[in-house]
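I have placed the structure first, in the form of structure tokens, so that the comments after it can refer back to it.
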Amino acid sequence: MQDEQAVSVPERQANDPDPITGEGAAGGPPGSGPRRVRAMVLVAMAATFMAMMDSYIVNVAVPSIRADLGASVSAVEMTVGGYILLYGLFLVTGGRLGDIVGYKRMFLIGLGLFTAASLACGVAPNPEALIVFRCVQGFSAALFFPQILSIIQTSFEGARRDRALALFGVTIGLAAITGQLIGGVLVHLDLFGWGWRPIFLVNLPLGLATIAGAAWTMPGVKGVQRPRLDLPGVGLLTVALLLLSFPLAEGRTAGWPAWCFVMMALSVPFFVAFGRWEVRLAESGGQPLVSPALLRLRGYRSGNLVFLAFFACNAGLFFVLAVQLQSGLGYSALGAGLLFAPLGIAFTAVSLVVPKIMNKLGLHILTAGYALNALGYLLLLLIALAAGDNLSGPMLIPALVVVGVGQGLGVSPLLGTALAEVPPQEAGSAAGVLETVGQLGMSVGIALVGLLYFSTLGDSVSRHGYTHAFTVTLVLNLVLALLATVFVPPLRKAAAAQMAAAAR
């Protein structure tokens, strides 16, 4: 999904159906092309759903995991955050490996490792093993997830590519929202007396079916040239992100010792060194992990900022709300999961009519979406302040519906809008960076919001303590949501200017 992502026609087998037109080549089975293309899209969306769902499905199982394994709050946070951290850390690297060995091959390798890691998570005997296997899950998801965008970019053109990218965005948002509900249902059913373990074991049949489908449907294509992996870039970026993210996740539990601040301070020179190395490599004709030219695009920069703020506020809300509903308000895992259903329904319903709304609002749909998302957070805050210790789950439903509507308007068009200025040969790489920024936003959001929530809660495990902590963290969520709204206008204007230039 890097610079060399354009597909060379001779790389396809002579009898393979054309993935753009859906027609079989000479000698191919008549009529098999369209079915194969539809199946390929279904397989790609299934893999997308699994990767994103596993970022959220653990949230409602936190109390069950703590009770069964005797896990500390810090261990549970690492179970959630470790997946997100490793996932975001290696997305760009996974995309480059797809350029080197082939998108289909890397997709199958990553998905196979992900399925095996899910089995290991499901049988983990202690918190330490669960954290390790969750990190392996995140790493393997980073191997197959970028290949989805690369295959979309190389297999579709024009309106078909736009529809595939829109479906990709809808799947991401739907998985993030329904992950809470699926987790709650599985924990409540307590299948075979396994408690929380089915939230990971459910990936086995899904993973095996997706692997089989990918082996049949996905084209075995890669870039025309054989790029090299920018190992120094990978190393610098990995160290920089670890130095920043690890102390955010562990600092509160450790009491914020000096090493936390030292690590975060050290991340700055590593980020600077990474940027300088990428510039030097590009100027010398090399193949950098991240093209410096991308960051000079105004709309793309704004898109990254929207991704960061949007995913930070929503991931933080989902994590804290799941804890608040169960530990603070006494809901079961199923009850907590069901309270996310109205948000999911609103998101899905609005996403289905986004094309019609865009015909009327154009790119103003993004401004409307993120403004509604921020309004939903404001309503949550006002409800929590008004209800106080009488706060209950159903009171939050109207605000959650508003959040769902805002997300429905903002998620699907975001990827295409952020990439509007990006040259076609850079689209795959740019999309991988956007997803990396989004995942980093999730990791930082969970760390910051979780830090504020549990720090405010302190030793007070009363209903009043939980309500107060929830109210305080909603202020931070609202600020992050407003930041996403602020970054939308330059993104929208840059995309509109690019489309106007293309029309001339």
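The values are calculated or read from the model by the stated rules, or taken from the named source; none is laboratory data. Please read all numbers here as calculations on a predicted model, not as lab measurements. Backbone-built Cβ (ideal geometry, glycine too); neighbour counts: all protein chains shown.
Quick notes on this one:
- As a summary of the residue check, L108 satisfies the conditions (1) part of a helix (DSSP H, G or I); (2) modelled with pLDDT under 85; (3) closer than 30 Å to V234 by Cβ except for the one numbered (2).
- Among (1) under 28 Å from R161 (Cα atoms); (2) modelled with pLDDT of 85 or more, the one test that S412 misses: (2)
- Residue list for the stretch 199-214, restricted to those being out of contact with any helix residue (DSSP H, G or I) (no Cβ under 7 Å at 6 or more places or on another chain) and not small (G, A, S): P205
- In this structure, R276 does not satisfy being of a type in the set (K, R) and touching a residue at least 40 places away in the same chain (Cβ under 8 Å).
- Pairs where the first residue, in the stretch 89-118, is closer than 24 Å to V444 by Cβ and in contact (Cβ under 8 Å) with a residue 60 or more places away in the chain and the second is in a helix (DSSP H, G or I) and of a type in the set (D, E), C-beta under 6 Å, 6+ apart: L91/E435
- Scanning the stretch 153-160 finds one or more residues that are part of a helix (DSSP H, G or I) and among the aliphatic types (A, V, I, L, M).
- Verdict on A431 being more than 26 Å from F470 (Cβ to Cβ), touching a helix residue (DSSP H, G or I) at 6+ places or on another chain (Cβ under 7 Å), at pLDDT below 85 and not in a helix (DSSP H, G or I): no
- Among the residues listed as A265, A282, the single one being under 19 Å from G233 (Cα atoms), free of Cβ contacts under 8 Å to residues at least 12 places away in the same chain and surrounded by fewer than 18 Cβ atoms within 10 Å (Cβ to Cβ): A282
Table: residues versus (1) out of contact with any Phe, Trp or Tyr (no Cβ under 9 Å at 6 or more places or on another chain); (2) without any contact (Cβ under 8 Å) to a residue 60 or more places away in the chain; (3) in a helix (DSSP H, G or I).
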site: A293; (1), (2), (3): yes, no, yes
site: V320; (1), (2), (3): no, no, yes
site: L325; (1), (2), (3): no, no, yes
site: Y331; (1), (2), (3): yes, no, no
site: G344; (1), (2), (3): yes, no, yes
site: I365; (1), (2), (3): yes, yes, yes
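- Near pairs, Cβ below 6 angstrom, 6+ apart or cross-chain, from the stretch 376-388 (under 14 Å from V401 (Cβ atoms)) to any residue that is surrounded by fewer than 19 Cβ atoms within 10 Å (Cβ to Cβ) and of a type in the set (D, E, K, R): none
- Which listed residue, of M50, M45, is at pLDDT 80 or above and surrounded by fewer than 23 Cβ atoms within 10 Å (Cβ to Cβ): M45
- In the stretch 72-88 there is at least one residue that is assigned to a helix (DSSP H, G or I), over 28 Å from G195 (Cβ atoms) and not hydroxyl-bearing (S, T, Y).
- Complete set of residues in the stretch 367-418 that are touching a helix residue (DSSP H, G or I) at 6+ places or on another chain (Cβ under 7 Å) and not in a helix (DSSP H, G or I): L391
- R296 being modelled with pLDDT under 85, charged (D, E, K, R) and over 30 Å from G376 (Cβ atoms): yes
- Test: residue in the stretch 182-192 that is in the same structural domain as V80 (by TED's automatic domain parsing), under 30 Å from V37 (Cα atoms) and either not charged (D, E, K, R) or not in a helix (DSSP H, G or I) (or both): yes
- Selection of first residues in the stretch 192-218 that are hydroxyl-bearing (S, T, Y) and of second residues that are surrounded by fewer than 17 Cβ atoms within 10 Å (Cβ to Cβ), restricted to Cβ pairs under 8 Å at least 6 apart or on distinct chains, gives the following pairs, ordered by first then second residue: T217/A39.
- Single condition S118 does not satisfy, out of (1) of a type in the set (S, T, N, Q); (2) modelled with pLDDT under 85; (3) assigned to a helix (DSSP H, G or I); (4) buried (at least 23 other Cβ atoms within 10 Å of the Cβ): (2)
- The stretch 216-262, residues that are part of a helix (DSSP H, G or I), surrounded by fewer than 18 Cβ atoms within 10 Å (Cβ to Cβ) and modelled with pLDDT under 75: T253, A254
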